[in-house]
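**Student:** I'd like to ask some things about the structure below.
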Amino acid sequence: MIYGSGNEWRSAPQKRVALFGMSGLGKTHVSALLRGSGDWFHYSIDYRIGTRYMGEHIADNFKREAMKVPLLRELLMSDSVCISSNITFDNLAPLSTYLGKPGDPARGGLPFDEYMKRQDQHRTAEMAALLDTPHFIERAQAIYGYPHFVCDTGGSICEVVDPENPADPVLTALSRNLLMVWIEGSDTHTDELIRRFDKAPKPMYYQPDFLHRTWAQYLDRTGLPPDGVDPDAFVRWAYAQALAHRQPRYAAMARNWGISVTAGEIAQVTTVAGFDDLIAARLDQRG
């Protein structure tokens with residue numbers, strides 16, 4: 001790790017952290033808090049994915065839908081309108097909408113092969129965005145003069161790395177440049193995440209093996225044909241399994257590559273000084 005103790009962290013002229021864990025546990029909350037101090041550059045992996053690496057896929061998907069409407073088709077063919085996504089740090093809906101959910105097309109579902117194609121596009125994009133982190137650290141200092149840097153990773157980072165491989169290229173690049181910090185949820189947090197997801201199921205990225213397995217299990221369990229599956233019902237069913245699938249991967253990332261803090265502790269952080277204190281204490285405990 002680039003900081004070996006709490007004192008090293010506190011005295012570092014450039015503090016650099018990468019926050020990881022399930023979506024909804026505080027990564028973006030803390031990143032926004034740090035950014036708001038004026039001294040921290042906030043690098044959002046999901047934003048980078050949706051703009052630099054998947055922006056064209058997203059816009060093309062909008063255009064395909066627009067071409068089905070005669071008026072919009074005419075305007076598009078004459079270059080009279082411009083269609084693009086408006087992704088922000090706080091609104092990543094264009095990215096998740098493009099990822100989609102498999103199942104009945106009448107209920108907004110995608111054929112499973114198309115769904116997996118988009119999942120693969122996301123995997124490639126996420127790895128590229130993560131590997132861009134050192135470039136943005138340098139850019140944040142050279143252009144904008146930010147001394148400190150927070151990388152706000154997506155919840156699916158654990159799906160695109162091998163935390164038990166000491167030569168994993170993504171984790172190697174990140175750990176050489178930032179302190180890896182897992183925000184760990186409790187069973188209560190898990191129950192709350194599942195409750196929230198049930199109310200508003202959204203597309204997510206998962207490992208191909210996990211998706212093939214859960215899709216086959218769901219079809220076997222329900223007896224439905226692929227094009228008869230309710231897309232929301234499937235992703236709700238898969239989500240709880242995904243949490244269990246991801247937990248040991250996050251734990252291995254923290255054990256082998258960084259430190260961990262709890263979501264409860266993160267929820268109590270209201271100042272940069274409070275964040276510094278929490279990180280310093282964890283480094284000293286690990287040491």
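The values are calculated or read from the model by the stated rules, or taken from the named source; none is laboratory data. The shown structure was predicted, so the numbers you read here are calculated from the model rather than taken from an experiment. Cβ: placed from backbone, ideal geometry, glycine included. Neighbour counts: every protein chain shown. Accessible surface areas use protein heavy atoms only, side chains included; no ligands, DNA or RNA. Shrake-Rupley method; radii C 1.70, N 1.55, O 1.52, S 1.80 Å.
**Student:** Just the number, please: carbon plus sulfur as a percent of the accessible area of the chain, 1.4 Å probe, no ligands or DNA/RNA counted.
**Tutor:** 50
**Student:** Of Gly6, Leu72, Ser23, which is farthest on the positive side of the dipole of region 1-83, counting Cα position, with +1 on Lys and Arg Cβ, -1 on Asp and Glu Cβ, and the Cα centre as origin?
**Tutor:** Gly6
**Student:** For the chain, what is the accessible area per residue in Å² when the probe is 1.4 Å?
**Tutor:** In whole numbers, the chain has 47 Å² accessible per residue.
**Student:** I've got another one for you. For the chain, with a Gaussian network of springs between Cα atoms less than 10 Å apart, report the residue from Ala128, Ala252, Ala142 with the top mean-square fluctuation.
**Tutor:** Ala142
**Student:** Between Lys199 and His135, how many nm apart are label points set 7 Å from Cα along the C-beta direction?
**Tutor:** 3.9
**Student:** A further question follows. Suppose the chain between Thr222 and Asp120 were pulled fully straight at 0.36 nm per residue; how much longer would it get relative to their current alpha carbon spacing?
**Tutor:** 34.1 nm
**Student:** Specify the residue with the greatest mean-square fluctuation among Lys27, Lys15, Lys68, computed from a Gaussian network of the chain linking alpha-carbon atoms under 10 Å apart.
**Tutor:** So, out of Lys27, Lys15, Lys68, the one fluctuating most is Lys68.
**Student:** Let me have the relative contact order for region 1-137, percent, based on Cα pairs under 8 Å that are six or more residues apart.
**Tutor:** It comes to 21 percent, rounded to a whole number.
**Student:** What does the chain give for Rg and for Dmax, in Å, if only its C-alpha atoms count?
**Tutor:** Calculated on Cα positions, Rg and Dmax stand at 20.3, 65 Å.
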